[in-house]
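See structure below.
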Amino acid sequence: MSEGSDGGLDIEGTKDMTRNRSSSVRWMVVVVAVFALVAVACSKQAGAKEGGAVTVQEGPGNAFSFSPSTVTVTKGRTITLDNVSNVPHTFTVTGQGIDLETQPGKTSTVTINLPPGTYPFMCRFHVSLGMKGTLVVR
Ligand SMILES: [Cu+2]
């Protein structure tokens with residue numbers, strides 16, 4: 001009759017039930033923990049895909065450009081400007097109160113609370129060199 005190795009506990013039925021219940025509770029905890037991990041992993045992925053953290057590089061490779069040059073955000077989202085070049089740049093949406101200067105090697109953040117639409121943006125210092133892009137607010 002002995003399936004388990006701890007025969008001592010198996011003699012009394014009540015003790016056996018207690019042991020079984022606690023081991024199934026432990027099993028459920030494991031299952032819940034695994035589901036929680038999967039859920040966190042999925043939500044992180046979804047966030048990155050649709051308008052989570054948006055980072056725009058300024059001057060990658062010391063080129064006078066933004067990367068990406070078309071930036072799509074949902075209203076209320078924050079954009080991080082990451083100046084990876086060795087000169088200052090701005091992220092300027094003319095007439096919309098957005099004008100951020102970022103020093104070399106630094107980052108700046110701006111929350112986009114513009115009505116949905118398409119807005120041109122630029123670097124005030126280097127717009128003549130073609131340093132501009134398009135902001136799409138959804
Ligand atoms: Cu610039």
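Rule-based calculations on the coordinates, nothing more; no lab input. The structure displayed is predicted, hence computed values, not measured ones. Reconstructed Cβ throughout: ideal geometry from the backbone, glycine too, with neighbour counts over all protein chains shown.
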*Simple label model, 7 Å out from Cα along Cβ direction - Q103 to A53, nm*: 2.3
*Going by C-beta contacts inside 10 Å, put D82, D99 in order with the fewest on the left.*
D99, D82
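Please report V110, V25 as a ranked list, fewest other C-beta atoms within 10 angstrom at the top and most at the bottom. Write out the running numbers ahead of the final one.
Working: V110 16, V25 10.
In increasing order of surrounding Cβ atoms, one gets V25, V110.
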